Structures are given as C-alpha cells and as structure tokens.
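K.L.:
Have a look at this one before I ask anything.
The values are calculated or read from the model by the stated rules, or taken from the named source; none is laboratory data. Being a predicted model, the structure only gives us computed values, none of them experimental. Here Cβ is always computed from backbone atoms with ideal geometry, including for glycine, and neighbour counts include all displayed protein chains.
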Amino acid sequence: MEETEYRFAVLERCGFFICSPVDCVLPVTIPEGEEYIEILAGGKLFFEVDGREKEMPLGTVFWHIAGEKTICRTSAKDPYRCYVFLFRVNSSSGRPSPRISQWKEGKNVLEFASECLHTYQNGKYDRELFSRYVYSTLQWHTLMDDSAGREYPIALCNALRYMDQHYAKCRLSAAEIAVNAGISRPYLFDLCRNFLGQTPCGYLQEKRVKQAERLLMTSSLPIKDIAEKCGFSSIEVFYRCFRRISGRTPGDYRNTYSIYPG
C-alpha cells in the first residue's frame, strides 16, 4: 500500500531582522524545499493586497513557500523589523498556511516568536521536537485566523460564497463562478492564486472532499451516492481526488472514522 506523504519541517534558522533605513530592500526568492515565515515586530511595512499596496499591522505573519519573495517594501523613516523562521520541508504539495494572516492577539505572536528565538539562541533543545512545536504552533494559529476572510477582496468573498453554495454542481466552471462574482475569469484565477495559493478548481476539489469526509463519517450512504452528492463527475474522479487530498481511499476513511462501522 502506498504511504501518505506527510509534511515534515525542520527549523534551519531563526533570527531577528532589522531593515536598513531605505524604502525597499532586495527580496529573497524562496528556494525549493524551504519555507520562510516572517512576523512583523515593528516599523512600517507595505505589502500588495488585492492589487494595491497596503500598510500591514504589527504582528502580521507572512508565510512564504518556494518561488515566492520575502517582504521588502518599507519606509526609510521607520524601517520594519521582523522575526524570521527558515524551515526545510520534505513536501511541496500545496500551501500549508495562508500567505498573510493575523493571530487574534497580535502581541501573543510576538511573545511566541521572542520565546522561540531565545530557545534557538540558547541551543539547549531537542531539534526535532522544537521544530515541530514552532511549525505546528504557527500553522495552527494562522489557519485558525478568523480575520483572514475579512482581508479578502469583496470579489473573492463573492466567488468563495458562490462555490460554497454550488459545489455539488459537477459541471460548475470557473467562468460561471467569475460571472456570478462580477469579475473576469483571469481575475478570478489571480485572486485565488494570490490569496488561497491554489486555483478555483483546487478550492472546489478540497471543498467537495471535505463534504465527502463528513458524509463518510456520519452516514451509511453508498460511496457512489456520496460522490454524486458532492459534485464529482464520476466515481473514478472521486477516488483520485479523495486519495490525493485525504491521503487514503474513501473506504479506508469510512472504516477509520465512521460512526456506522460496517
């Protein structure tokens, strides 16, 4: 049986960056197999959101994956400062966390980052355990960020709402989503890539698989019926998508989690 690929991250470096008194620094392009997490600790920082440059608040977390660039726009009068975490990862399958996020209490993320930096500098820790602690804590809080949706452009919110309401329609197309969101198809793809790190189709597939997981756990419906209810065009497509996203077959998932063991 094929083993599921799990993302494992090792903390390579941890530090505190103080920008020079300039308006722009040369950004770093993240190489393959690495992820950079930057946490704004002070100063002025500008980042493009929805096609325009926006000043970011203290405590903003930037999660950069391979191919993306680090933050670079600031103010010479008040250059930004940030905590930086460099992780080496074993997987490049998708984005583990939003590109931009906020913890519910900005000071908490700064306290956490300071604690981690002190531990890293001290050097008295189990590297694997510490790496898991830092990575999983950052990921948990950024994924639980309930303000992220409010940072999305209205057009993207409209598109997501339409997909959430019509995901069960198997022939739901990007063109239909764009029309109902009041935007062009190319702009829809740009919004999804910039804010979700995936295509509209990728978002729909994840939405459908999550709904299928719920039905597999809580109902005794045949798997074929579940695939149809969740908007998959065929049972074969359903199995491929489900295995790729959940890491197991629908049957294995039901046997493991169903409240109706069969």
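K.L.:
When residues of region 233-247 are filtered for being modelled with pLDDT of 90 or more and assigned to a loop (DSSP other than H, G, I, E, B), how many remain?
P.N.:
2
K.L.:
A follow-up question, please. Only one residue in Asp252, Asp225 is surrounded by 15 or more Cβ atoms within 10 Å (Cβ to Cβ) and of a type in the set (D, E, K, R), so which one is that? Walk me through how you get there before you give the answer.
P.N.:
Details: Asp225 fails: surrounded by 15 or more Cβ atoms within 10 Å (Cβ to Cβ).
Every option except Asp252 fails the conditions.
K.L.:
Hey, any hits in region 210-220 for a residue that's touching a Cys at 6+ places or on another chain (Cβ under 9 Å), more than 21 Å from Arg254 (Cβ to Cβ) and part of a helix (DSSP H, G or I)?
P.N.:
The answer is no, given that none of the residues of region 210-220 is touching a Cys at 6+ places or on another chain (Cβ under 9 Å), more than 21 Å from Arg254 (Cβ to Cβ) and part of a helix (DSSP H, G or I).
K.L.:
Applying the selection to region 71-116, what residues are modelled with pLDDT of 90 or more, closer than 16 Å to Ser136 by Cα and in a helix (DSSP H, G or I)?
P.N.:
Phe112, Ala113, Glu115, Cys116
K.L.:
Next question. Tally time: how many residues in region 157-169 are of a type outside the set (Gly, Ala, Ser) and either touching a residue at least 12 places away in the same chain (Cβ under 8 Å) or not in a helix (DSSP H, G or I) (or both)?
P.N.:
Step one: of region 157-169, the residues of a type outside the set (Gly, Ala, Ser) are 157-158, 160-167, 169.
Of the ones still in play, those that are also either touching a residue at least 12 places away in the same chain (Cβ under 8 Å) or not in a helix (DSSP H, G or I) (or both) are 158, 160, 162-164, 167, 169.
Adding up the residues that qualify gives 7.
K.L.:
Still on this structure, I have one more. Across region 163-186, what is the number of residues that are over 24 Å from the mean Cα position of the chain (by Cα) and among the basic types (Lys, Arg)?
P.N.:
2
K.L.:
Only one of these conditions is not met by Leu138: (1) among the aliphatic types (A, V, I, L, M); (2) out of contact with any helix residue (DSSP H, G or I) (no Cβ under 6 Å at 6 or more places or on another chain); (3) under 20 Å from Leu191 (Cβ atoms); (4) modelled with pLDDT of 90 or more. Which number is it?
P.N.:
(3)
K.L.:
So, in region 128-143, how many residues would count as being in contact (Cβ under 8 Å) with a residue 24 or more places away in the chain and either of a type in the set (D, E, K, R) or farther than 16 Å from Leu110 by Cα (or both)?
P.N.:
Residues in region 128-143 being in contact (Cβ under 8 Å) with a residue 24 or more places away in the chain and either of a type in the set (D, E, K, R) or farther than 16 Å from Leu110 by Cα (or both): 5 in total.
K.L.:
So for region 213-228 (the condition being of a type in the set (S, T, N, Q), within 29 Å of Pro98 (Cβ to Cβ) and in contact (Cβ under 8 Å) with a residue 24 or more places away in the chain), does at least one residue qualify? Please lay out each step first, then the result.
P.N.:
Restricting attention to region 213-228, the residues satisfying the condition of being of a type in the set (S, T, N, Q) are 218-220.
In the following step, the residues that additionally are within 29 Å of Pro98 (Cβ to Cβ) were identified as 218.
Subsequent filtering for residues that are in contact (Cβ under 8 Å) with a residue 24 or more places away in the chain retains 218.
Yes, the conditions are met somewhere in region 213-228.
K.L.:
Look at region 170-194 and say how many of its residues are free of Cβ contacts under 8 Å to residues at least 24 places away in the same chain and of a type outside the set (A, V, I, L, M, F, W, C).
P.N.:
Our first condition is that a residue be free of Cβ contacts under 8 Å to residues at least 24 places away in the same chain; within region 170-194, this holds for 173, 175-180, 184-186, 189-190, 193.
Now restrict to residues that are of a type outside the set (A, V, I, L, M, F, W, C): 173, 176, 180, 184-186, 190, 193.
Adding up the residues that qualify gives 8.
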